[in-house]
Amino acid sequence: MTQQWLDALPDGVVVADATQTVRAINIVARRMLGAGAEVGRPLAEVMSLVDHHGVGWWESNCPYAGLGTRSGIPEQSWLLPDGQEVLVLAKLHRPGRGAPVEQVALTLRSGRGRARLDRERSDLVATVAHELRSPLTGVKGFVQAMLNRWDVLNDDQKKLMLNTVNADADRLTRLIAELLDVARLDTGRLSLYPREVDASTLARRVVDSVGAATSRPVTLDVEVDASVGEIFADPDKFTQVLTNLVENAVRHGDGHVRVGLRVLAPEAEYPGVEVRVTDEGEGIPEQLRRRVFTKFWTTQGSSAGSGLGMYLAHGLTRAHGGDLSIGDAEGGGALVSIRWPSVDRRDQVR
């Protein structure tokens, strides 16, 4: 491999021979390791990395010593001379089993990506813990109150507390189901059981269910074109998608929430049904519309919802071969549009 090719690689590369002398190094590795990182220098001097306890990479790993069956050094985190974290992976080349090492090839890459991933995981754990703790606190409080004051509570008070506990338990169950679906979407293990189902029937059930559960002063209605027929969907997943969208419209919108269904135009990419959910709220600013589909995204100051609804709606729609978009409703408010196929398009999912 020529020096030009080595310099084109995104990671740092260092190669040393049997004499423990560096024979190749690319520009990324030079930038990381400093001015002394040059061809012809001893590998021990070039790899001047230490851990958080001040122990050096060379002393810790002894690449030319150890068992004759050793073929590599797993990826490890080390500190560069300027204090930045770098991840180092080494391959030990031997002419035969038990023979001395004749070449050491190392790759170095910035640890910023892993640090960012660690922060994202920490944020995920913190968010999930918060979302689980909130309903659990309610369950614990009301159960404790009933245990301590059972004899002085009347039947109406007991029934109110039990209804609240039941609602919090339903919230927990739904959150856990959402988290499982998120994990399955992210790993490509989501199971779908699609078939031909009546879109208008499912839409009306969703609107009736959300309307009965909400206490907000909004009105909901469904408008279905006469030509709307069946779609190809897992009915539970389609119901989940539409429920999330309607609940979002009720939670963040005002006045009138409409769910409209119409057949996709003949020139559309595929046959199917368009479902449009509109509200009369402030709408979603254009610069935020892509962020809406990220996990745990909520509007500033919003305490309702897990922040998974739009992520799941987008993912489940795409898993069926459809698509979801956000726009502006006529007269103000948000418009969320689903284009759902009436044929099996799962093989078109990328």
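Values in this text are rule-based calculations from the coordinates and carry no lab data. Note that this is a predicted model, so its numbers are computed, not measured. Backbone-built Cβ (ideal geometry, glycine too); neighbour counts: all protein chains shown.
Which lysines, on any chain, are close to residue 140 with Cα under 30 Å apart, when same-chain ones fewer than 8 places away are left out?
Output for residue 140: 158, 159, 295.
Under 19 Å Cα-Cα from residue 91, which lysines qualify once same-chain neighbours fewer than 8 residues away are excluded?
Of all the lysines, none pass the test against residue 91 - Cα under 19 Å, at least 8 places apart if same chain.
I want to make sure I understand the PRE zone here: with the label point 7 angstrom from the Cα of residue 205 toward its beta carbon, which residues in the range 214-230 have backbone N atoms less than 16 Å away?
230
Can you give the charge dipole size of the chain about its Cα centre, rounded to the nearest 20 debye, using +1 on the beta carbon of Lys and Arg and -1 on the beta carbon of Asp and Glu?
With Lys and Arg at +1 and Asp and Glu at -1, about 1120 debye.
How long is the gain from residue 70 to residue 265 if the chain were fully straight, where each residue apart is worth 0.36 nm and the alpha carbon distance is subtracted?
Length gained between residue 70 and residue 265: 63.8 nm.
Taking the Cα centre of the range 191-350 as origin and charging only Cβ (+1 Lys, Arg; -1 Asp, Glu), how large is the dipole, in debye to the nearest 20?
Using only the charged Cβ atoms, the result is roughly 620 debye.
Using packing as a proxy for protection, rank 165-173, 236-244 so that the peptide with the highest average count of other Cβ atoms within 10 Å comes first.
Final packing ranking: 236-244, 165-173.
For the peptides 283-289, 101-107, what is the packing order when you average, over each peptide's residues, the other Cβ atoms within 10 Å and list the highest mean first?
So the order, starting with the most tightly packed, is 101-107, 283-289.
As I understand it, the dipole of the chain uses +1 on the Cβ of Lys and Arg and -1 on the Cβ of Asp and Glu, about the Cα centre. Which of 125, 242, 53 lies farthest toward its positive end?
53
Which label belongs to the value computed from this structure, given these candidates for volume of the Cα convex hull per residue in Å³: [x] 138; [y] 151; [z] 246?
[z]
Can you tell me which of 247-254, 290-297, 84-91 comes out highest on packing, and rank the rest after it, using the mean Cβ neighbours within 10 Å?
Highest to lowest by the protection proxy: 247-254, 84-91, 290-297.
Give me the distance in nm between label points sitting 7 Å out from Cα along the Cα-to-Cβ direction at residue 97 and residue 134, one decimal.
5.9
Using Cβ counts within 10 Å as a stand-in for footprinting exposure, how do 208, 155 rank, fewest first?
Arranged by neighbour count, lowest to highest, 208, 155 become 155, 208.
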